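Below you'll find the structure, written out as structure tokens, and then a few comments.
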Amino acid sequence: MPRLFIALEIPAEVATELTLHRGGLSGARWIEPADYHITLRFLGDVDRRMANDVDHMLSDLQAYPFEVTLDALGSFGGDKPRAVFAHAQPSRALTELQADIERQMRRLGLPAEGRKFVPHVTLARLRDTSPVEVAHHLGLHPIIRPITFTARRVALMSSRDSTGGGPYVLEAAYPLGPSYPNRLSREMRR
């Protein structure tokens, strides 16, 4: 069973710019730039039938390309920090796309997502890092000018059993805009 999630891809030039915020934080496991993404919906371990249903649903997705702006660095976990991320401004297009995907996943029979949608790109997973160290790092590595890119497609991605942070596999991509045939990978079709 593949462990799937639906995401927006991060263009290579944006990923390169985000790498300037890496390093110098003890206990950080930095995510590879090729694995940067904005998760729209985590699906978890699903069987092939559900994976095919998700693929068909995403093939019919009605959305157009839109701008995404990464405007600040932050961390999750409060007193026990667990991740450093780049925050994405929650634009109308982004929140509507995520809400539509959530509705469709519920129609397919998947349980509701338990967490509130906070659009972000995870840059590092943290282990035994103090909140003071994280605050210091965030203060030294701010996003000075917002980074904007155009989201042009939604991706169905898989991850293998690991402690998080990739590597991820692009299973299929769905261009935003007029309908295009989906591009399901051979792996998913088996």
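The values are calculated or read from the model by the stated rules, or taken from the named source; none is laboratory data. Note that this is a predicted model, so its numbers are computed, not measured. Glycine gets a Cβ as well: all are built from the backbone with ideal geometry, and neighbour counts include every protein chain shown. To get the accessible areas, we keep the full protein, side chains included, count just its heavy atoms, and leave off ligands, DNA and RNA. Shrake-Rupley method; radii C 1.70, N 1.55, O 1.52, S 1.80 Å.
From GLU113, GLU96, grab the single residue that is farther than 16 Å from GLY78 by Cα, open to solvent by 30 Å² or more (accessible area, probe 1.4 Å) and part of a loop (DSSP other than H, G, I, E, B). Spell out the reasoning first.
On the way: GLU96 fails: part of a loop (DSSP other than H, G, I, E, B).
Result of the check over GLU113, GLU96: GLU113.
Would you mention how many residues in region 99-110 are assigned to a helix (DSSP H, G or I) and either among the acidic types (Asp, Glu) or loosely packed, with under 15 Cβ neighbours inside 10 Å (or both)?
From region 99-110, those assigned to a helix (DSSP H, G or I) are 99-107; that's our starting set.
Cutting the leftovers down to either among the acidic types (Asp, Glu) or loosely packed, with under 15 Cβ neighbours inside 10 Å (or both) gives us 99-100, 102-103, 106-107.
Here the count works out to 6.
Can you find even one residue in region 55-62 that is exposed (fewer than 13 other Cβ atoms within 10 Å of the Cβ), among the charged types (D, E, K, R) and free of Cβ contacts under 8 Å to residues at least 60 places away in the same chain?
no
Could you tell me which numbered condition ALA12 fails, if it satisfies all but one of (1) in contact (Cβ under 8 Å) with a residue 40 or more places away in the chain; (2) surrounded by fewer than 18 Cβ atoms within 10 Å (Cβ to Cβ); (3) more than 23 Å from SER130 (Cα to Cα)?
(1)
Among ALA93, ALA83, which is within 29 Å of VAL132 (Cα to Cα), among the small types (Gly, Ala, Ser) and modelled with pLDDT of 95 or more?
On the way: ALA93 fails: within 29 Å of VAL132 (Cα to Cα).
The match here is ALA83.
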